[in-house]
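A short write-up of the structure that comes next.
The values are calculated or read from the model by the stated rules, or taken from the named source; none is laboratory data. Since the model is a prediction, treat every value here as computed from it, not as a measurement. As a convention, Cβ positions derive from the backbone with ideal geometry for all residues, glycine included, and neighbour counts pool all protein chains shown.
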Amino acid sequence: MSAATTLTWFARHELKLAWREWLAMMTGGRRGRRRAAAFGLVAFAMLMHLPAYAVIGRFANLQLPLDKTSLIVLTSTILLAWALMLSQAIESVTRVFYARADLDLIMSSPARLTNIFSVRIAAIALMVTGMALLFSTPFVDVLVLNGGARWLAGFGVVVAIGFSAAALAIAITIVLFRLIGPARTRLIAQIVAAIIGAGFVIALQIAAILSYGTLSRFAVLTSDAAAAFAPDADSLVWWPARAAIGDIGPLLWLLAASLVLLGGVMAIFSPRFADTAIGASAQAITSRRSNRALAFRGGSRQQALRRKEFLLLKRDPWLISQTLMQLLYLVPPALLLWRSFSDSSAAIVLITPVVVMAAGQLAGGLAWLTICGEDAADLVATAPLSPSAVLRAKIEVVLIVIGAIFAPLVAALGLASPPQAIVTACGVAIGAASATAIQLWFRVQARRSQFRRRQTSSRLATIAEAFSSIGWAATSALALSLPAGAAVSGLMTAAIVAITWKLSPRRG
Amino acid sequence: MKSEQAALRVQGLTKRFDRLAVDSLDLTVRPGEFYALVGPNGAGKTTTLRMVAGLLKPDAGSVAIFGVDALSDAVAAKQIMAWVSDEPMIYDKLTPLEYLEFVAGLWGVDPRISTAAARDLLVSLGLEAHLNERCEGFSKGMRQKVALAGALVHDPRLIILDEPLTGLDAVSARHVKGILSERVRQGHTVIMTTHILEVAERMADRIGVIAAGRLVAEGTLAELREQNGHGNTSLEDLFIALVDVKAEAA
């Protein structure tokens, strides 16, 4: 087979795998669900046009030349999208290095590895860009419908930032490998991805809080100070914004630059891709040592189970990065809390829903790891403990961890506003309990390493968990500002949880 | 009377998935016996032992471990037995010592006893250099040894092993066989499934041949030969003859 034939054959193979993986994610791996998944996707896409209209409908009539404030808002939005894509791309690249499903086969084949890995890098870029196109379609649609076909250029901008994000992600990951070695890269890359994904929004929120005492990012972006610091309207910085609203010149330059960047990364890093993958596999076979002089500890069987769960959670890189991200999201409300000590801002109320939402989300992940992600399921099942005692111990672990993370924040809130602290504590407890219960009702035994696939095992559980967290967050916020509204919201959220239980396979 | 109780008594055990996997199986294993269960792929060996270990619920039948009804009093039955599967299930992020500490805690073993027992077991299995290394980089053989040590650390009266020698090198396999034989000499009962008929032939006091979910022959090697009129043949020839007869009958 010639090199060109190998390349097209491998590209087809990569596309086929990507398509099947995406399909499995959408259908939860069940063939019979394809039609339902397609219908659900179309319905979701149509539904997404409503929030898209609410968010950017008013910008549809923007015309060139744009004023500085519009340029800043539009550029910041593109920068945010790019940061999210970069975060997603870093995750994808790390996954390719560490999930060695087919790397052994590829690297032991007589094909030219540089070509093969160029295709794989291109596939990552296409995957990241494809997902971004999917999510951006409702927004571009709204702009095209209300502002004309010139907004179709938005798709071009998405492609350009998708390619550049993928290129940069590959460069960052491989450089991390070189700098800190494969053992630490996985964790650091996850943390970097989380910080990049959330960092931009959080930085804007922090600036808004410090300058204006509000969580609104737009307060900073539309301020006179931002306009004063921004470069002139003909600066290169604004090209992405100008390209997005249909300025063909900057659009073509952007597309060309992103392709050159991706091509450059492919040329420079494809030969190193194999070494990096080998480095990742070598890391898998060198173990980390624990220097604890171990005298076994006593206690009940449940204590033994809880100790094991705590130890595994402490050593879980996913959990560390996720907790860090949740804590990162809590920085702006914490800052708001700190400011409110000196100035009695009403904005402090905003802390409660953020905290409750974060608790629900974290509890869902923790509950999956402890309840479903049991690597030695046979051992625990053959231990002399009743299944209910095992479950109780695991649930206790989730609630203790949530308590340990959120108690300090609630305590600090108690100093500023005791009633709000009580409402927040109740919200955290109910939100975490609901998320844990949903995981319990839909539990399917799996290995901890399958955590990423937890959302595909049951769409219903994933959606219910999200709605429950949002619902309890809204209820807590309303309890502080509009108690009657809180009663309605609380009943609706309880109904969601009850319906989820009714539909769950574990009912009864 | 308790000493005369069977280590394992299975009566009328039945399990159906898409097809009948275990078909009204009766099986008795005596205390202090090394019992090997052999049979072709899909014969129902693993399903039978998983039901005995409490990992699968039978559709019908009874299971008693040293007189304890394993279906109505599962916790008491589990207290005196251990299960090791062919796919070692251990925690990547724990060291062998931490894993054994967890297992000993689950079985409620006095930590003063289990600390020393765990170390001795791991050393005897050749894992001395890896006591404080996380299991994530271990080979399948090393993982199998850790799982086996976990099964033995609480000193069970009945040890059930499903293909415990799969993936082990010759030295490791000899270690494992030595440890199991030693346990039997100390009065423990071992039930093991294996595809390696030579192991069954050399180690087992009695051998049960299972096919299509039923026990088609049982006894010492000499008894099996005698029952089936195969004179001086090896267990392999005997096994093939027994399984072929069963397949023809089916």
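Taking the residues in the range B:72-89 that are touching an Asp or Glu at 6+ places or on another chain (Cβ under 8 Å) and small (Gly, Ala, Ser) as candidates, determine which candidate is farthest from the other protein chains (Cβ to nearest Cβ).
The qualifying residue farthest from the other protein chains (Cβ to nearest Cβ) is B:Ala77.
Of the conditions (1) under 16 Å from B:Val84 (Cα atoms); (2) touching a helix residue (DSSP H, G or I) at 6+ places or on another chain (Cβ under 8 Å), B:Leu13 clears all except one; give me its number.
(1)
Determine which member of the set B:Ala43, B:Ala36, B:Ala64 is more than 10 Å from chain A (Cβ to nearest Cβ), in a loop (DSSP other than H, G, I, E, B) and within 30 Å of B:Arg19 (Cβ to Cβ).
Sole residue among the options that is more than 10 Å from chain A (Cβ to nearest Cβ), in a loop (DSSP other than H, G, I, E, B) and within 30 Å of B:Arg19 (Cβ to Cβ): B:Ala43.
Is it true that B:Ile179 is of a type outside the set (Asp, Glu) and either without any contact (Cβ under 8 Å) to a residue 40 or more places away in the chain or under 26 Å from B:Asp23 (Cβ atoms) (or both)? Steps first, please.
Numbers: of a type outside the set (Asp, Glu): yes; either without any contact (Cβ under 8 Å) to a residue 40 or more places away in the chain or under 26 Å from B:Asp23 (Cβ atoms) (or both): no.
Taking the combined requirement at face value, the residue does not satisfy it.
Would you say A:Ala226 is surrounded by fewer than 14 Cβ atoms within 10 Å (Cβ to Cβ), at pLDDT 70 or above and either outside the structural domain of A:Leu126 (by TED's automatic domain parsing) or touching a Ser or Thr at 6+ places or on another chain (Cβ under 9 Å) (or both)?
no
Out of the residues in the range A:478-495 that are out of contact with any helix residue (DSSP H, G or I) (no Cβ under 7 Å at 6 or more places or on another chain) and part of a helix (DSSP H, G or I), state the one that is farthest from A:Val349 (Cα to Cα).
Restricting to residues being out of contact with any helix residue (DSSP H, G or I) (no Cβ under 7 Å at 6 or more places or on another chain) and part of a helix (DSSP H, G or I), the top hit is A:Ala495.
In contact with a helix residue (DSSP H, G or I) (Cβ under 9 Å, 6 or more places away or on another chain) and among the aliphatic types (A, V, I, L, M): is that true of A:Ala404 in this structure?
Numbers: in contact with a helix residue (DSSP H, G or I) (Cβ under 9 Å, 6 or more places away or on another chain): no; among the aliphatic types (A, V, I, L, M): yes.
Spelling it out, it is not the case that A:Ala404 is in contact with a helix residue (DSSP H, G or I) (Cβ under 9 Å, 6 or more places away or on another chain) and among the aliphatic types (A, V, I, L, M).
Return the only residue of B:Gly150, B:Gly141, B:Gly167 being in contact with a helix residue (DSSP H, G or I) (Cβ under 9 Å, 6 or more places away or on another chain), under 19 Å from A:Ala376 (Cα atoms) and in a loop (DSSP other than H, G, I, E, B).
B:Gly167
Of the residues in the range A:237-253, how many are out of contact with any helix residue (DSSP H, G or I) (no Cβ under 6 Å at 6 or more places or on another chain) and under 11 Å from A:Thr75 (Cβ atoms)?
Of the residues in the range A:237-253, 1 are out of contact with any helix residue (DSSP H, G or I) (no Cβ under 6 Å at 6 or more places or on another chain) and under 11 Å from A:Thr75 (Cβ atoms).
If only one of B:Val171, B:Val184, B:Val176 is at pLDDT 90 or above and among the hydrophobic types (A, V, I, L, M, F, W, C), which one is it?
Matching residue, one of B:Val171, B:Val184, B:Val176: B:Val184.
Evaluate the following for B:Thr115: is it at the interface with chain A (Cβ under 8 Å from one of its Cβ atoms), over 21 Å from the mean Cα position of the chain (by Cα) and closer than 16 Å to A:Asp375 by Cα? Step through it out loud before you land on a result.
On the way: at the interface with chain A (Cβ under 8 Å from one of its Cβ atoms): yes; over 21 Å from the mean Cα position of the chain (by Cα): yes; closer than 16 Å to A:Asp375 by Cα: no.
So B:Thr115 fails the test.
Conditions first: (1) touching a strand residue (DSSP E or B) at 6+ places or on another chain (Cβ under 9 Å); (2) facing chain A (nearest Cβ under 7 Å). B:Gly105 passes all but one, so which condition is the exception?
Status for B:Gly105: all satisfied but (1).
Here is a check on your reading of the model: is B:Gly105 under 28 Å from A:Phe296 (Cα atoms) and out of contact with any Pro (no Cβ under 6 Å at 6 or more places or on another chain)?
Criteria met by B:Gly105.
Return yes or no: is A:Ile124 touching a helix residue (DSSP H, G or I) at 6+ places or on another chain (Cβ under 8 Å), free of Cβ contacts under 8 Å to residues at least 60 places away in the same chain and assigned to a helix (DSSP H, G or I)?
Here the answer is yes, as A:Ile124 does meet what is asked.
Quick test for you: out of B:Asp110, B:Asp162, B:Asp92, B:Asp120, pick the one residue that is surrounded by fewer than 18 Cβ atoms within 10 Å (Cβ to Cβ) and either modelled with pLDDT under 90 or more than 9 Å from chain A (Cβ to nearest Cβ) (or both).
Criteria check complete, one pass: B:Asp120.
Applying the selection to the range A:155-181, what residues are within 23 Å of the chain's Cα centre (by Cα) and more than 30 Å from A:Trp253 (Cα to Cα)?
Of everything in the range A:155-181, just one residue is within 23 Å of the chain's Cα centre (by Cα) and more than 30 Å from A:Trp253 (Cα to Cα), namely A:Phe177.
Which one of B:Val38, B:Val75 is at pLDDT below 95 and either farther than 20 Å from B:His195 by Cα or of a type outside the set (A, V, I, L, M, F, W, C) (or both)?
Only one candidate passes the filter, namely B:Val75.
For residues that are of a type in the set (A, V, I, L, M, F, W, C) and modelled with pLDDT of 90 or more, scanning just the range B:78-89, find the one that is surrounded by the fewest Cβ atoms within 10 Å (Cβ to Cβ).
For the range B:78-89, the residue satisfying everything is B:Ile80.
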